[in-house]
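The values are calculated or read from the model by the stated rules, or taken from the named source; none is laboratory data. None of these values were measured; they are calculated from a predicted model. A quick note on method: Cβ atoms are made from the backbone with ideal geometry, for glycine too, and the neighbour counts reach across all protein chains shown. Ligands, DNA and RNA are stripped out before the accessible areas are found, and what is left, the full protein with its side chains, is counted by its heavy atoms. Shrake-Rupley method; radii C 1.70, N 1.55, O 1.52, S 1.80 Å.
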Amino acid sequence: MTEIDRKEDDRADAIRESGLPGGGAGRRDKVGRSAVYPAFGPYPEVQVLGGSDPEDRKGLNLSVEIPVEGAILKGDLHIPDDPVGAVLFAHGSGSSRHSPRNQFVARVLQTAGMATLLLDLLTDAEERIDQESGRLRFDVNLLAGRLLDATAWLSKAPELNGVKTGIYGASTGAAAAIIAAAKMPQISTVVSRGGRPDLAGTALQNVKIPVLLIVGGNDLQVLKLNQEAELRLGGERKLEVIQGATHLFEEPGALEQAAQIAKEWFTRLLVPKESTVQTP
């Protein structure tokens, strides 16, 4: 192999690894029912999940990279065979897509035939900064902007064409979800679990879509903030209080109850009326 050939091979490898145009299409690292897709293929506006066949992605748990302004975010995407709705998870206050609570809720929603995207709204580098300062997790406008970009990205998936999208927010992620919903008509509903909707400020009265607030009965400070925020919401809203539950819903049966309430809400607002999806 000549030096020129070697340089060309190195350049091709760099393109494949970077996900630049010409490198992402068709590339997939698959382990069991999981797969990893690069952020970009040769036609990112169409092949948003990396240029693979949409039929080949159904039913998989996909690790995806989502381009947003100034960053690439990591997410875990699950698309069932015939999705009847899609829910994007907005984590808050030092949490991540690896949160066992949100992963549990995602699995419950998947039983109703919904696609789920668990998303880190901060990059790894930003997470390290935030661990020291705690500042970025409360920058709800930054988080909302990234939610808007991620929602637009998700809507381009061909498997989700015509499917309604909702956002499930926890802690400060709930405020970001409400701000995003006030700006983006493609968002059909928001569910907040132990959230801080009060941090959404004036966006509360600008939200015209249905919003569900789920709070633990023993999470007294957050409950008071949610009660005040409920009165300011501009559209359909409902406050569900899980009696005996604290902020993280760690009590026996508390998270299961909250997840079931969220599933019923999303099913009512996202699933087409003619659908025959079972919701046990």
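Take each of the peptides 71-79, 120-128, average the number of other beta-carbon atoms within 10 Å over its residues, and list them starting from the highest. Intermediate results must be reported in sequence, preceding the final value.
Working: 71-79: 19.9, 120-128: 16.7.
Order by mean packing, descending: 71-79, 120-128.
Counting only heavy atoms of protein chains, what accessible area per residue, in Å², does the stretch 158-256 have with a probe of 1.4 Å?
Values: 4020 Å² over 99 residues.
With the other protein chains kept in place, the stretch 158-256 gives 41 Å² per residue.
Provide the per-residue ³J(HN,Hα) series for the stretch 262-271, in order, calculated from phi with Karplus coefficients 6.51, -1.76, 1.60 and θ = phi - 60°, each as a whole number of Hz, with x at glycine and proline positions.
5, 4, 5, 5, 5, 4, 5, 9, 10, 7
Using θ = phi - 60° and the Karplus form 6.51 cos²θ - 1.76 cosθ + 1.60, what ³J(HN,Hα) does each residue of the stretch 232-242 get, whole Hz, x for Gly and Pro?
9, 5, x, x, 4, 8, 8, 10, 10, 10, 8
Past 23 Å, Cα to Cα, is the threshold; run Lys74/Lys238; Lys208/Lys273; Lys164/Lys224; Lys224/Lys273; Lys74/Lys224; Lys156/Lys238 against it and keep the listed order. Kindly include the intermediate steps, with their values, before the conclusion.
On the way: Lys74/Lys238 31 Å; Lys208/Lys273 21 Å; Lys164/Lys224 31 Å; Lys224/Lys273 35 Å; Lys74/Lys224 33 Å; Lys156/Lys238 30 Å.
Flagged as over cut-off: Lys74/Lys238; Lys164/Lys224; Lys224/Lys273; Lys74/Lys224; Lys156/Lys238.
Calculate how many DSSP beta bridges within the stretch 62-210 are antiparallel, expressed in % of all such bridges and rounded to the nearest 5.
Details: 11 of 28 bridges.
Antiparallel bridges make up about 40 percent of those DSSP assigns within the stretch 62-210.
Ignoring ligands, DNA and RNA, what percent of the 1.4 Å accessible area of the stretch 132-280 is carbon and sulfur?
On the way: 3340 of 6630 Å².
Ligands and nucleic acids excluded, carbon and sulfur reach 50 percent.
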